[in-house]
Each structure stands twice: as C-alpha cells, then as structure tokens.
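The values are calculated or read from the model by the stated rules, or taken from the named source; none is laboratory data. Computed from a predicted model, the values in this text were never measured in an experiment. Using ideal geometry, Cβ is built from the backbone for each residue, glycine included, and neighbour counts are taken over all protein chains shown. When the accessible area is computed, the model is the full protein with side chains, heavy atoms only, and any ligands, DNA or RNA have been set aside. Shrake-Rupley method; radii C 1.70, N 1.55, O 1.52, S 1.80 Å.
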Amino acid sequence: MKNSKTLLALLAGSMAATAAHAQVEVTITGSTAFRAITIDRSASIYDAGSRTSVTNDAANGLITFSGTVSNKVASLGNTPVKVRLSFSGSGSGMLAVKNSTPVSTAETPGVNVNKTPDLALSDVFPGSATPPIAESSFNRSVLGVIPFLWVRNNALNGVNNITREQAVLLMVASGSPSGVDGMPATFLGGSSPNPVYLTGRDSGSGTRITVHKCIGFNGNPLLWATNGAGAYVTTNGLSSGGLERGVIAGKSDAIGYLGVSDFNAISNSAVRMSYEGFAYTPSSVAAGGYSLWGYEHIVNRVGGLSANQTLVRNAIITAITDTTYQHTVPAYNDNFVSLDEMTVERGTDGGPITSIVF
C-alpha cells in the first residue's frame, strides 16, 4: 500500500510538472495592413536566443515562431510558446475567430497545417464585418490608428485631390467611357477625357471596409485587376495591398486606395492624393482634418482563450502599444499614427470625428 501511495504521488507530481510546461499555442489571423507590425511585435516577446521560426510565405506572413517568453511573461518560465501567424484580411479574420474556422499555418518548412485562430487583427469594428458581428462576441482592444490613402499612377497628371462624391462615383463607373449621367469618366477634374480604372480590395479587407465607410458607399464596386497579358479585367477585389499597389504602379490610368506602407513601396510610380482637401499627415489625422482612417483592433472570442493564451495575448498587445515603439520605430511611426497623439476619436468606422480634448 505504501509503495502504491508513493507511486501515485510521483505520478501526480509528474503530471503537474508536465502541465506547467505544456506548450502554449496562439494562432493569429486578420489584417494584412497591420501584418508587418504583428510579425515584428510577436517576435519581440521571445527570450533572446530561444526563438526559432518557420516561414512558408514571407510575403503574406505565413510564419510560426517558437521559443520561451519568460522575460515578458515571467509566470510562463520555460514553457514553450508557439505563435502562428496567418493573415487573411480584417473581416475574414474576425469571422474565422468567431466561427472557429481553421486557417492555414506554417508547421515545418514547406508544410502547412490548418489551425483554429485564437486572435484576429482588424482595421474595422466587429459590426462592420459581413455579416456584422455583435460586439459582445469578442474581447476587443485598440492597438493603433491606421490611415489610408487614395493613390493614382504618376501618369494621371493634374489629379491631386479626390472628394467623397468623386470617390463614390468611381466605385460605380470607373473604366466607363461614358461615365454616369453624361459626366466625364475621370470624375477627378483632370484634363484627359479617357477613363480611369479603380482597383481595390476584396470584401473581407478592412482597408476596403474602412474606405467604403468613410466615403459613405454601400454596394458592390466596379473594380479592375490585370491579367497575365497586362490587360484590365473586372474583379471582385484583390486579396492584398501588394497586389493592388502592383496594378496602380503598372497601369498609367489606375487609381486605388492603400495603406501608407503599400504606397511607400510604389512611391516612385504613384502619387498619394489629398482627400476632401486635406493632405495626409499624421498630425492632420490626430487633429481631425484628414478623415480617411480607422483603428487597429485585436479581438478574441469571449471565453475562447486559456489563462496562458491570455498572458501571451497581453504580452503582444503591450509590445504593440508601447509608446516608445509607436513613436520611434519606423515600421510603425512611418505608416501609422500613435494612439497617444490623437486629439479626436470616432465610435464607428467612418463615423463622426469628435474631440477628446474638450
């Protein structure tokens, strides 16, 4: 009997030790616009020398990190932590988290496995997804402010500002020689009578949702992409800002909307336009002048995370929202607006902008 009790005690101790060091896995999906920040900050929580990574698609951020995070989450000690990254777009990502829809993640070099996502990054509020998601479905935190730009090819000379009304008209008549109700097909005040072609993102994209909300457009836009021969073809929208910026840079009569980092990648071939008479600057966003912006959110299902997964989530949030990081690191500071700079706010995507100072 004594030996049996001793054996049971040893087994219990072994099980407790195993539980303490059981691997913690967190799978993150969602916003492609915030992809670079999420990759950088997820990597930053790992202890020096412990992090390994599997990258099966660097361009699209299909990356998995493994290692320990004791410097950021002391209670996890030597517990292995695996963060899987798989970006799909804001609306698509939130729906995948809500519905526990698996996403492809990197397992080993060249091998992907499907995992249920735990967190989603989103450029839009849950209610802006299609179909809308109830706010009560998620725990949600705001990470930053993400501006968007109207961008044209360099060859569209003389077109430097776009109004809300012009943007709405482009959504329904770009590429049309006759335009709408006899209006010029450019709608932009340029000297050329030739059509311009609007390219844009797919319906799950937070970039597209934010732009549509900001300009007050409801419906299905007429969007263009290019085929293998470089000719225009209609599309339901492109799956990444990288694809959209390629169309804008490559076609002399193309216009679209991009995040700042995507515009910076083609700045030799394209021009960012003012919107409603305001040129984009971080200070103009912060003061309420430039209005084409949204918040970057992170969401998880209510009750969907274990205690250890929550610790990892919180460490990533802290790494992203760190004031020094947002003000000094070019990956953030050059492309987004710091939360602590904002003197205005909005309660919905594209909603009224109000002061938080008075």
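Over its Cα atoms, what ratio of radius of gyration to 2.2 N^0.38 Å does the stretch 239-279 give?
Working: Rg = 10.0 Å, N = 41, 2.2 N^0.38 = 9.0 Å.
This ratio for the stretch 239-279 stands at 1.11.
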Taking R0 as 25 Å and r as the Cβ-Cβ distance between residue 343 and residue 322, the FRET efficiency 1/(1 + (r/R0)^6), rounded to the nearest 0.05, comes to 0.75
In nanometres, the difference between 0.36 nm per residue of separation and the alpha-carbon distance of residue 281 and residue 114 is 56.1 nm
Rounded to a whole %, the carbon-and-sulfur portion of the accessible area of the chain at a 1.4 Å probe is 53 percent
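With only Lys, Arg, Asp and Glu charged, each at its Cβ (+1 for the first two, -1 for the last two), find how big the charge dipole of the stretch 244-358 is about the Cα centre; round to the nearest 20 debye.
Charge dipole of the stretch 244-358: 240 debye, to the nearest 20.
222 nm [θ] for the chain, helices only, -39500 (n - 2.57) per DSSP H run of 4+, per residue, to 500?
On the way: 11 runs with 106 residues, N = 358.
Taken over the chain, the calculation gives -8500 deg cm²/dmol.
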The summed charge of the residue 231 Cβ neighbourhood (under 14 Å; Lys/Arg +1, Asp/Glu -1) stands at 0
On the formula 1/(1 + (r/R0)^6), with r taken between the Cβ atoms of residue 55 and residue 264 and R0 of 30 Å, the FRET efficiency rounded to 0.05 is 0.85
P(r) over all Cα-Cα pairs of the stretch 72-152, 10 Å bins from 0 to the longest distance, whole percent per bin, short to long, reads 15, 37, 31, 15, 1, 0
Of the candidates 270, 141, 157, the farthest towards the positive dipole end of the chain (Lys/Arg Cβ +1, Asp/Glu Cβ -1, centred on the Cα centre) is 141
Taking every DSSP bridge whose two residues both lie in the chain, the antiparallel percent to the nearest 5 is 75 percent
Computed over the chain: longest principal axis from alpha-carbon atoms vs helix 90-99 long axis, angle to nearest 10 degrees, is 40 degrees
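Shape call for the stretch 284-358 from the C-alpha gyration tensor, a ≥ b ≥ c root eigenvalues: rounded (a/c under 1.5), prolate (a/b greater than b/c) or oblate?
Details: a/c = 2.61, a/b = 1.52, b/c = 1.71.
Judged from the Cα gyration tensor, the stretch 284-358 comes out oblate (a/c at least 1.5, b/c at or above a/b).
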Measuring from its Cα centre, the chain shows a charge dipole (+1 at each Lys and Arg Cβ, -1 at each Asp and Glu Cβ) which, in debye to the nearest 20, is 920 debye
Summed over the other residues with a beta carbon less than 15 angstrom from that of residue 39, with K and R at +1 and D and E at -1, the charge totals +2
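In the chain, what is the count of Lys pairs whose alpha carbons are under 26 Å apart, counting only pairs at least 8 residues apart or on separate chains?
Values: 72/82; 72/115; 82/98; 82/115; 98/115; 98/213.
Number of lysine pairs found: 6.
With the cut-off at 1.5 for a/c, could you classify the stretch 115-177 from its C-alpha gyration tensor as rounded, prolate or oblate? Mind showing how you got there, number by number?
Working: a/c = 2.90, a/b = 2.27, b/c = 1.28.
Here the stretch 115-177 falls in the prolate category.
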Relative contact order in percent for the chain (Cα pairs under 8 Å, 6+ apart) equals 20 percent
Per residue, accessible area of the chain with a 1.4 Å probe, heavy atoms of protein chains only, in Å², comes to 43 Å²
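Any idea what the relative contact order of the stretch 63-164 is, in percent, if you count C-alpha pairs under 8 Å spaced at least 6 apart?
Numbers: 111 pairs, mean separation 19.0, N = 102.
So the answer I get is 19 percent.
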Computed over the stretch 65-104, the distribution of all Cα-Cα distances in 10 Å bins, rounded to whole %, is 27, 32, 32, 9
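To the nearest 0.05, what FRET efficiency results for residue 252 and residue 274 with a Förster distance of 22 Å applied to their C-beta separation?
Details: r = 21 Å, r/R0 = 0.94.
Efficiency for this residue pair is about 0.60.
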When the charge dipole of the chain is computed with +1 at the Cβ of Lys and Arg and -1 at the Cβ of Asp and Glu, the Cα pointing farthest to the positive end, of 28, 78, 233, is that of 78
Length-normalised contact order of the stretch 43-109, Cα under 8 Å, at least 6 apart, in percent, tallies to 31 percent
With label points set 7 Å from each Cα along the Cα-to-Cβ direction at residue 23 and residue 329, the distance between them in nm comes to 2.5 nm
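Percent of alpha carbon pairs in the stretch 24-162 separated by more than 17 Å? Can you show the working numbers first?
Numbers: 6149 of 9591 pairs.
When every Cα pair of the stretch 24-162 is considered, 64 percent fall beyond 17 Å.
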With Cα coordinates, the longest principal axis of the chain makes an angle with the long axis of helix 206-215, in degrees rounded to 10, of 40 degrees
